[in-house]
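These notes concern the structure reproduced below.
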Amino acid sequence: MANASSKKIAAANTKTLANLQIGLVAVNAIYLLWRVFYHWASLTKTEGFFYIVTTGLTGLFYSILKSSGTPSYAADGTLRSSGDDLNSEGLTAYMFDIIYVTWFVDITTAFISSKFWYTYLVIPGYALYKGLPFIMSFLGRGGGGGGAGNEADNADQSGKSKRQQKMEKRGGKVKYVR
């Protein structure tokens, strides 16, 4: 029973990878059949370049997900490793998101309008949305209460912490260690 969790993860990963492969084949077949073969005259070099680059990135992400999420079995058929959990958060989820955005863009540019390539701006926009507070905290501009800013400025100007300033006011000895 201790291996039940690993078996569930392996089964979920196998199903997820199979669905991902079906989606990749279906979306690219639809795009190629409709946009490239049927509407060849409306396909520009720029759109062809975008399609090749985005399909290449999608293929790269699929291969990364497949290599990390494929379960491995021993010769006797027992589960050796379930692979990484493809339902986890973090980079795995972001790779799935980029694959899904690519599928959306491929289908909409094939059937509706080439202006749907601008949908890719959602990806760096989301990265800025998630990363800007993190970057601002390193630059010293993240958060902070209203009145506490003056006290913090005083401590920063003298180079001493609040505790050190209090100890000096009391007349106690302060040992500075670096």
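Which count do you get for residues in region 1-47 that are closer than 30 Å to residue 115 by Cβ, β-branched (Val, Ile, Thr) and at pLDDT 90 or above?
The number of residues fulfilling the criteria is 4.
Right, residue 97: within 20 Å of the chain's Cα centre (by Cα), at pLDDT below 95 and not in a loop (DSSP other than H, G, I, E, B) or not?
So residue 97 passes the test.
Residues that are part of a loop (DSSP other than H, G, I, E, B), of a type in the set (Val, Ile, Thr) and within 30 Å of residue 128 (Cα to Cα): does region 57-68 have at least one?
no
What are the pairs with Cβ atoms under 7 angstrom where one residue, in region 97-112, is over 14 Å from residue 47 (Cβ atoms) and of a type in the set (D, E, K, R) and the other, located anywhere, is modelled with pLDDT of 95 or more and part of a helix (DSSP H, G or I)? Sequence gap at least six, or different chains.
none
May I ask you to say which residue of 55, 46 is of a type in the set (Ser, Thr, Tyr) and touching a residue at least 24 places away in the same chain (Cβ under 8 Å)?
Residue meeting the stated conditions: 55.
Counting only residues that are charged (D, E, K, R) and either within 23 Å of the chain's Cα centre (by Cα) or surrounded by fewer than 14 Cβ atoms within 10 Å (Cβ to Cβ) (or both), how many does region 8-55 have?
Going through region 8-55 one residue at a time, the tally reaches 3.
Looking at region 140-152, which of its residues are loosely packed, with under 11 Cβ neighbours inside 10 Å and either in contact with a helix residue (DSSP H, G or I) (Cβ under 8 Å, 6 or more places away or on another chain) or at pLDDT 85 or above (or both)?
If the condition is that a residue be loosely packed, with under 11 Cβ neighbours inside 10 Å and either in contact with a helix residue (DSSP H, G or I) (Cβ under 8 Å, 6 or more places away or on another chain) or at pLDDT 85 or above (or both), then 143, 144 are the ones that fit.
Consider region 60-83. How many of its residues are within 16 Å of the chain's Cα centre (by Cα) and not hydroxyl-bearing (Ser, Thr, Tyr)?
So the answer is 4.
Only residues that are without any contact (Cβ under 8 Å) to a residue 12 or more places away in the chain, assigned to a helix (DSSP H, G or I) and not aromatic (Phe, Trp, Tyr): list them for region 123-140, please.
Residues satisfying the conditions are 124, 125, 127, 128, 130, 131, 132, 133, 135, 136, 137, 139.
Of the residues in region 97-113, how many are buried (at least 17 other Cβ atoms within 10 Å of the Cβ) and of a type outside the set (A, V, I, L, M)?
Number satisfying all stated conditions: 4.
The values are calculated or read from the model by the stated rules, or taken from the named source; none is laboratory data. Everything numeric here is computed off the predicted structure, so don't read it as measured data. Here the Cβ is made from the backbone with ideal geometry for all residues, glycine too, and neighbour counts use every protein chain on show.
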